[in-house]
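Asker: Input: one structure, supplied below.
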Amino acid sequence: MRRKPLLALFTDHQWVAPAVATAKLHAEYQSPVYFYTFYHHCQTDTRPEWADAAHGDEIPYVFGVPMIGATDLFPCNFSKNDVMLSAVVMTYWTNFAKT
């Protein structure tokens, strides 16, 4: 199926390349630059199996949603791995906020 390569091309063009270019511009002026990628997404019945992580998919993990379970806003089937990942992501973001 050619859907995945086409989606990857579109994603790189629309999101990744501009984000990398922006980070490089900031770095040229000796500003601290932080960049991360998040490839995981929760399992849900509303997302096709072929779909990868999308912009904003880290948000429930940042705020610990997997630790309390699915909500109306995030109707996901969170696993034990999701709970552990959420704890790690919250630690990363908290440490970043302290800098």
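Only the coordinates and a few stated rules stand behind these numbers; no lab work does. What you are looking at is a predicted structure, and each value in this text was computed from that prediction instead of being measured. Cβ: placed from backbone, ideal geometry, glycine included. Neighbour counts: every protein chain shown.
Asker: Per-residue HN-Hα couplings for region 46-59, Karplus 6.51 cos²θ - 1.76 cosθ + 1.60 at θ = phi - 60°, whole Hz, x for Gly and Pro?
Answerer: 8, 9, x, 4, 6, 6, 8, 4, 10, 3, x, 5, 7, 3
Asker: Additional query: Counting other beta carbons within 10 Å of each residue's own, what order do Trp50, Trp93, Trp15 fall into, fewest first?
Answerer: Trp50, Trp15, Trp93
Asker: For the chain, with the dipole built from +1 on Lys and Arg beta-carbon atoms and -1 on Asp and Glu ones, taken about the Cα centre, which of Asn95, Trp15, Cys76 lies farthest toward the positive end?
Answerer: After comparing all options, I get Trp15.
Asker: Continuing with the same structure: If you wrap the chain's Cα atoms in a convex hull and average its projection over all directions, what's the area in nm²?
Answerer: About 7.7 nm², averaged over all directions.
Asker: Starting with the fewest neighbours, write out Asp72, Asp57 ranked by other beta-carbon atoms found within 10 Å of each beta-carbon.
Answerer: Asp72, Asp57
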